[in-house]
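Below is one structure, written out as structure tokens; the observations come after it.
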Amino acid sequence: ARKQLIVVTPTYNRALQAFYLNRLGQLLRLVPPPLLWIVVEMNAASTETADILRGMGIMYRHLVCTKNLTDIKDRGVHQRNRALEHIEHHKLDGIVYFADDDNVYSLQLFESIREISRFGTWPVAMLAQSKNKATLEGPVCNGSQVIGWHTNEKSKRLRRFHVDMSGFAFNSTILWDPKRWKKPTSALIRQLDTIKEGFQETTFIEQLVEDESQMEAIPFGCSKIMNWHLHLEAHELGYPRGWLLQKNMDAV
Ligand code: UDP
């Protein structure tokens, strides 16, 4: 049987949300099932998000995180934790992947992560409007072995693993059946809102694996970029709520 994919997406209402969720949902629809899309919002389930999910035609769960927002720099942290809690509580079995709503993913990525046994990682391309070049971050590989890391972020050199949040996926059973993986601790695995910006990924991954020997580099030789992390700033863009037009537009 094909391994289930569990795709976790934190999201929130803003002008480009419908664009992002439609784009991602339509891609996920092309991925052979079983796939479960766990979409998590803060505070309350918005009708904007619910409407998009309902029309998508894929298996999904729309979760809400009610944890009080303190001063968090790493956005999406509590929402991802909410999804981890859900996966653990219901002992969902599959490969967990954190897919932000605004990034772009190839179909090959989802084929590749299905092959992961414990923990898989791959290089991600970062695209920012302010830079004139795509920067790459992630594992340096020899075949399917991780032998080092590449990053351009000098300020983050102290990280143990240089991986973007969208550059790894793991077996969900690590969350609720740690013995199976001979994990030294069975402490609860969560992402931490107290972690310094940029260290969120490595801190989380350090709880999933002990070192590179427990990682699988994908695709073979890490020779292909399979997803792109975008930083497009359009936070302030106004739009009709839910992209619903309450009255006729003004005719010219
Ligand atoms: N996000 C969210 N609430 C927020 C900010 C972000 O749910 O207040 C989600 C967002 O939709 C995306 C993920 O968290 O899926 C990462 O956000 P963003 O892309 O802004 O972070 P960056 O990629 O810049 O680290």
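Show the residue pairs meeting these rules: Cβ distance below 6 Å; 6+ apart or different chains; first residue within the range 90-114 and charged (D, E, K, R); second residue within 16 Å of the ligand (Cβ to nearest atom).
Close Cβ pairs satisfying both conditions: ASP101/THR9; ASP101/THR11; ASP101/TYR20; ASP101/LEU21; ASP101/LEU24; ASP102/TYR20; ASP102/LEU230.
Looking only at the range 66-81, filter to residues that are aliphatic (A, V, I, L, M) and modelled with pLDDT under 80; which one of those is surrounded by the most Cβ atoms within 10 Å (Cβ to Cβ)?
In this case the residue turns out to be ILE72.
Looking only at the range 5-26, count every residue that is crowded, with 17+ Cβ neighbours inside 10 Å and more than 10 Å from the ligand (Cβ to nearest atom) and tell me the total.
Result for the range 5-26: 5.
Take VAL39 and tell me if it is within 13 Å of the ligand (Cβ to nearest atom), crowded, with 17+ Cβ neighbours inside 10 Å and of a type in the set (A, V, I, L, M, F, W, C).
For VAL39, the condition - within 13 Å of the ligand (Cβ to nearest atom), crowded, with 17+ Cβ neighbours inside 10 Å and of a type in the set (A, V, I, L, M, F, W, C) - is met.
Just for the range 225-238: of the residues that are away from the ligand (no atom under 15 Å from the Cβ) and of a type outside the set (Gly, Ala, Ser), which one is farthest from ASN142 (Cα to Cα)? Can you show your working first?
Going residue by residue through the range 225-238, those that are away from the ligand (no atom under 15 Å from the Cβ) are 225-226, 238.
Those left that are additionally of a type outside the set (Gly, Ala, Ser): 225-226.
Working: ILE225: 16, MET226: 18 Å.
For the range 225-238, the residue satisfying everything is MET226.
If I ask for residues that are more than 16 Å from the ligand (Cβ to nearest atom), among the small types (Gly, Ala, Ser) and either in a helix (DSSP H, G or I) or at pLDDT below 95 (or both), which ones from the range 82-120 would you list?
Within the range 82-120, just SER112 meets the criteria.
For CYS222, which of the numbered conditions (1) within 16 Å of the ligand (Cβ to nearest atom); (2) at positive phi fails to hold?
(1)
Which one of these is without any contact (Cβ under 8 Å) to a residue 60 or more places away in the chain, of a type in the set (Asp, Glu) and closer than 20 Å to PHE161 by Cβ: GLU216, GLU210? Show your work before the answer.
Details: GLU216 fails: without any contact (Cβ under 8 Å) to a residue 60 or more places away in the chain.
Selected residue: GLU210, the only one of GLU216, GLU210 that is without any contact (Cβ under 8 Å) to a residue 60 or more places away in the chain, of a type in the set (Asp, Glu) and closer than 20 Å to PHE161 by Cβ.
If you scan the range 42-57, which residues turn out to be without any contact (Cβ under 8 Å) to a residue 40 or more places away in the chain and surrounded by 17 or more Cβ atoms within 10 Å (Cβ to Cβ)? Break it down stepwise before answering.
Pass one, the range 42-57, residues without any contact (Cβ under 8 Å) to a residue 40 or more places away in the chain: 42-46, 49-50, 52-57.
Passing the criteria: MET42, SER46, THR49, ILE52, LEU53, MET56.
Within the range 18-39, how many residues turn out to be basic (Lys, Arg) and without any contact (Cβ under 8 Å) to a residue 60 or more places away in the chain?
Restricting attention to the range 18-39, the residues satisfying the condition of being basic (Lys, Arg) are 23, 29.
Filter once more, keeping what is without any contact (Cβ under 8 Å) to a residue 60 or more places away in the chain: 29.
Summing the residues that are basic (Lys, Arg) and without any contact (Cβ under 8 Å) to a residue 60 or more places away in the chain in the range 18-39 gives 1.
Tell me, please, whether a residue that is farther than 30 Å from GLU48 by Cβ, surrounded by fewer than 17 Cβ atoms within 10 Å (Cβ to Cβ) and among the aromatic types (Phe, Trp, Tyr) can be found in the range 153-170.
no
In this structure, is SER166 over 16 Å from ILE205 (Cβ atoms) and small (Gly, Ala, Ser)? Explain how you work it out, then say what you get.
Details: over 16 Å from ILE205 (Cβ atoms): no; small (Gly, Ala, Ser): yes.
No, not satisfied.
Of the numbered conditions (1) modelled with pLDDT of 90 or more; (2) part of a loop (DSSP other than H, G, I, E, B); (3) out of contact with any strand residue (DSSP E or B) (no Cβ under 7 Å at 6 or more places or on another chain); (4) more than 16 Å from the ligand (Cβ to nearest atom), PHE161 fails exactly one; give the number of that condition.
(3)
Which one is surrounded by the most Cβ atoms within 10 Å (Cβ to Cβ), of the residues in the range 121-138 that are assigned to a loop (DSSP other than H, G, I, E, B) and either more than 16 Å from the ligand (Cβ to nearest atom) or among the polar types (S, T, N, Q) (or both)? It would help to see each step written out before you state the result.
First, the residues of the range 121-138 that are assigned to a loop (DSSP other than H, G, I, E, B): 122-123, 129-134.
Within this subset, residues satisfying the condition of being either more than 16 Å from the ligand (Cβ to nearest atom) or among the polar types (S, T, N, Q) (or both) are 122-123, 129-130, 132-133.
Values: TRP122: 27, PRO123: 23, GLN129: 10, SER130: 6, ASN132: 6, LYS133: 9.
Only one residue tops the list, namely TRP122.
Of all residues in the range 127-144, which are in contact with an Asp or Glu (Cβ under 6 Å, 6 or more places away or on another chain) and of a type in the set (Gly, Ala, Ser)?
Start the filter on the range 127-144 by keeping residues that are in contact with an Asp or Glu (Cβ under 6 Å, 6 or more places away or on another chain), which leaves 137, 144.
Within the range 127-144, just SER144 meets the criteria.
Can you tell me which residue within the range 196-252, out of those that are in a helix (DSSP H, G or I) and of a type in the set (Asp, Glu), is surrounded by the most Cβ atoms within 10 Å (Cβ to Cβ)? Walk me through how you get there before you give the answer.
Our first condition is that a residue be in a helix (DSSP H, G or I); within the range 196-252, this holds for 200-208, 212-214, 220-222, 241-243.
This time we only want the ones that are of a type in the set (Asp, Glu), so: 201, 206, 212.
On the way: GLU201: 25, GLU206: 14, GLU212: 18.
Of everything passing the filter in the range 196-252, GLU201 is surrounded by the most Cβ atoms within 10 Å (Cβ to Cβ).
The values are calculated or read from the model by the stated rules, or taken from the named source; none is laboratory data. Since we're looking at a predicted model, the values are computed, not measured. Here Cβ is always computed from backbone atoms with ideal geometry, including for glycine, and neighbour counts include all displayed protein chains.
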